[in-house]
Structures are given as C-alpha cells and as structure tokens.
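These notes concern the structure reproduced below.
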Amino acid sequence: MAETQTDPADTADQRGPEFPMPRAAGCPFAPPPALEELRDASPVAKVRIWDGSTPWFITGHAQQRAILTDPRLSNDDHIGAFPHVTAYRAQIAPHTPKMIVNTDAPEHTRLRRMVNGPLLLKRVEKMRPAIQKIVDDLIDDMLAGPKPADLLTALALPVPSLVISELLGVPYEDHEFFQHNSSTALDRDASPEEARAASTALSGYLDKLLTEKLAAPGDDAMSEMAARVTAGEMTHTEAVHMGVAMLIAGHETTATMISLGTLALLQNPGQLDLLRDSDDPKFVAGAVEELLRYLSIVHSGLRRVAREDIEIDGQLIRAGEGVVVEISAANWDSNAFPEAEKLDLTRNARQHNAFGFGPHQCLGQSLARVELQVVYSTLYRRIPTLRLATPFDEIQFEESGTTYGVRELPVTW
C-alpha cells in the first residue's frame, strides 16, 4: 500500500506550538503572549513538548475546572503517553513506586488521608504565632544587616524552610541541603544524573529521619507518619516519599510567592499602599488570593493522562493521551477574571487555579496561605520604605524549574 501524502501545514498543526513558550520582554508577570492567544483561540488544543510528543493543552479556566474533576483523567505517570516534565522523570517513571503524586483514588485518597492532619486549616492556624515570630526575627536580622539585601535569601527562602522544618520535625540547620537538592530535583535543565543524585540524597535523609522518629517520636508530621507505619497503615517507603514531597512542596512555591509577590507589589505602589494600610485580616487574605492568581508561580503545567476517552469543549481526548493543564493562562482568563491583566487586591480571586483543582489540589495550600498572609501583612509595615535596589529591567528571572520566580531580589530602604 502506498504511503498517504501529508500536507506539511497539517503536520505542523497536529504537532502544535512548543511548550513552554517565551514570555514577553518587559512583562514578567503575564503569561507568554502566545499562550494567551492560544487560550483565546482554542482553550483545548495540542502542543509539542521537549520530547516531541503532543499532549492536549488545557488553558481556559472553565475547561480546567471541568477536566481536573473528571475521574477519567489520571495522575498515574506509569500509563499511556503521560507528558513528563523532564527526561529524568520519564526515565524513572517505570521504576517509581506509587506515591501521592502519581496515584488516583482510592490509593491517592488513602495516602492523602495519612498526612491530612498536620495540614488541616485548624492546625495550621495554631502555627500562626510561630510563623509570625519567624517572620519578625528574619526582618529584624535583615534590618540589622547590610543594605542592600537580597530578599530571596534574607526572607523568602528562610520563612517556608523554617516553617516546613518545624512542621516535619527536620533540623533547620540542614535547610541549605534541602534547598539545593529540591531545586536540582525539579530543575528542567538538570541532567538525569544530577536529578537522580538530588532525589536520592533527599530520600536518604528522610529515610534516616523516619527511622529516628520510629525510635523516638516527637510532636511533628514525620512522627505522625512513623506512628502510621508502626500501625501498618502505610509502609516505611511511602512515609519517606511523602516526607520528600512535603519538604519540596513546602518551601519552593511559597518562597517564590514571597519574592515575586513583593516585586509585583513594588511595581504596583497603589496596591502596595492598600495592603500596607489595611489591618483587616479578611482584606489581607483576599490580597493573597489575588497575588496567587496574578502570579500563578507553577508554570510547568499540571501533568495528567486520560484513562478513558474524554470529550471537552468539542475536542475528543482519547484514552492514553497526555494532558497538560497550564495554570497561568486560566488565572488570566478574562472570562473568569475581568481585566485579568490588572493586579487588583480588592478583587474576589478565590476561584483561581493556582493550587490546582479537584482531588489532587495542593495538599499544603492552607499552610502556604497562612505563611503568605503573615509575610505580606508584616514586611511592608515593618519596612514601609522598602524599594528595589536595582533597576527593574535588570532583575533576572528563573524559568528552569517547575516554578517561575526571581534569581535574587536586591532591596533597600
């Protein structure tokens, strides 16, 4: 049989545009222009990713909320054409044990229940005074130190590192080890060997810590998981992997929100004034939601695969096909958020997708919200003259990991 002739233009259309897409010069907070164009033209389309595969790409807010709650969409990276973030992730997927990040109900439900306790809103709220002290102490140190200061290293990274260390029962003196290895493990530009070494180092450390907690439990999340291991409710390996997942998720995204959020507020002084002058906790909480919407932070897309055929927005996603849910495009969707390009702290932005949506919605979102509320309500009051110590167009942005942020943020006052 003769081969079917294919028009080159059709082939290009089937491949779709490349993802990730470049951001516009001088507009670091907005999604890439090509991404917004694609969302407005076709919120369910195909793109081409690093390995040449062409997963479905979901960019509309309503479409994301529909598909992320569809039980036919799977988090299982062992099946079909799952759209892995990096070559390393694709390489290790067949050998990766079942964890909270790659399972579906009922297994995902069981694993999530194992760690829900320490991250419930009521328990997180009880940590607020401790978080406030951490923030105040770090600001004291920054004020006593040299000017200019790098807000990223002086405040943004230490706050979530100290908080998650306290929550898990991890000695804070090891925070540099965690920051380095977690960043490397998630870095798209890291070699498979570098990523594997970083992941192995983190797993080895948490394995040792869990063994210590089994022998001498404390009042922390790792000790609670140790008790569940002893009771036969979860395995030792599951607890180690859960600890690694919580440690990574617990500091990188929040650190990025603190630094990038501060930069966004400094570029919008009217909004910064509103936040600095308000003593209403509800306004501060709402401001955090708007900053989460405006910045999104996670810019590598939520990765899924279809277990069964799914029809959405007139498109048929077939069983086994990969799906990438691109958060920033949905958070700037004018159908959900009128004048989405404006940072408006008075906006009701609670329906943003920054934490995902559905059964796999971010486990640590309550903790992140409280940390951000404390930082945003404290920093600008304590240092009302805070300003950039370098021209805005000289700020360097970090795009190689799963989160989007700044490499450093020089500030003075």
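Mean residue ellipticity at 222 nm, helices only, the chain: -15000 deg cm²/dmol; runs of at least 4 DSSP H residues each add -39,500 (n - 2.57), and the sum is divided by the number of residues. Note on Lys213: aspartates and glutamates with a C-alpha under 12 Å away, same-chain residues under 8 apart excluded, are Glu224. Distances between placed amide hydrogens fall under 5 Å for Trp56 paired with Gly322, Val323, Val324, all partners being 5 or more residues away or on another chain.
Per-residue 3J(HN,Hα) values for region 393-407, derived from phi via the Karplus relation 6.51 cos²θ - 1.76 cosθ + 1.60 with θ = phi - 60°, read 6, 9, 5, 9, 9, 9, 10, 8, x, 7, 10, 10, x, 9, 6 Hz in sequence order (x marks Gly and Pro). Of Pro129, Ser259, Ser183, which is farthest along the charge dipole of region 110-260 in the positive direction, counting Lys and Arg as +1 and Asp and Glu as -1 at C-beta? It is Pro129, whose Cα lies furthest towards the positive end.
Of the residues Gly243, Asn116, Ser400, the one whose Cα sits farthest toward the positive end of the charge dipole of the chain, with +1 on the Cβ of Lys and Arg and -1 on the Cβ of Asp and Glu, is Asn116. A crude spin-label estimate for the pair Ala130 and Lys147, with each label 7 Å from Cα along the Cβ direction, gives 3.4 nm. Spatially, region 196-237 and region 68-120 are offset by 20 Å when compared through their Cα centroids.
Any idea what the dipole of the chain comes to, in debye rounded to 20, about its Cα centre with Lys/Arg Cβ at +1 and Asp/Glu Cβ at -1? Spell out each step's value before the answer.
Details: 38 positive and 58 negative charges, 199 e Å.
Here the size comes out at about 960 debye.
Each residue of region 364-370 was assigned a 3J(HN,Hα) from its phi angle through the Karplus expression (A = 6.51, B = -1.76, C = 1.60, θ = phi - 60°), giving x, 5, 5, 5, 4, 4, 5 Hz with x at Gly and Pro. Its Cα centre serving as origin, region 183-257 has a Cβ charge dipole (Lys and Arg +1, Asp and Glu -1) of approximately 100 debye. Shape descriptor for region 255-406: Rg over Rh equals 1.02 (Cα atoms; Rh from the Kirkwood inverse mean 1/r). Which of Ser296, Ala201, Val375 sits closest to the plus end of the dipole of the chain, meaning its Cα is farthest towards the positive end, when Lys and Arg get +1 and Asp and Glu get -1 on the C-beta? The listed residue farthest towards the positive side: Val375. With coordinates expressed along the principal axes, the C-alpha atoms belonging to region 32-133 extend over 46, 35, 28 Å, beginning with the largest. On the principal axes of its alpha-carbon atoms, region 137-217 has extents of 40, 38, 14 Å, going from largest to smallest. The antiparallel fraction among DSSP beta bridges confined to the chain stands at about 85%. Stretching the chain fully between Ala105 and Glu394 yields a gain of 99.4 nm (0.36 nm per residue, less the alpha carbon separation).
Compare His180, His352 by solvent-accessible area with a 1.4 Å probe and give them largest first, with all protein chains kept in place.
Working: His180 120, His352 5 Å².
Result, largest first: His180, His352.
In terms of solvent-accessible area of protein heavy atoms at a 1.4 angstrom probe, what is the ranking of Thr230, Thr254, highest value first?
Values: Thr230 105, Thr254 5 Å².
The ranking, largest first, comes out as Thr230, Thr254.
Phi angles of region 159-171 translate, via the Karplus equation with coefficients 6.51, -1.76, 1.60 and θ = phi - 60°, into HN-Hα couplings of 4, x, 5, 5, 5, 5, 5, 5, 4, 7, x, 9, x Hz per residue; Gly and Pro are given as x. Put Arg293, Arg196 in order of accessible area, highest first, and with a 1.4 Å probe you get Arg196, Arg293.
The values are calculated or read from the model by the stated rules, or taken from the named source; none is laboratory data. Model, not experiment: these values are computed from the prediction. Quick reminder, even Gly has a Cβ in these numbers, built from the backbone with ideal geometry, and neighbours come from all protein chains shown. Accessible surface is based on the protein model in full, side chains and every heavy atom, while ligands, DNA and RNA are left aside. Shrake-Rupley method; radii C 1.70, N 1.55, O 1.52, S 1.80 Å.
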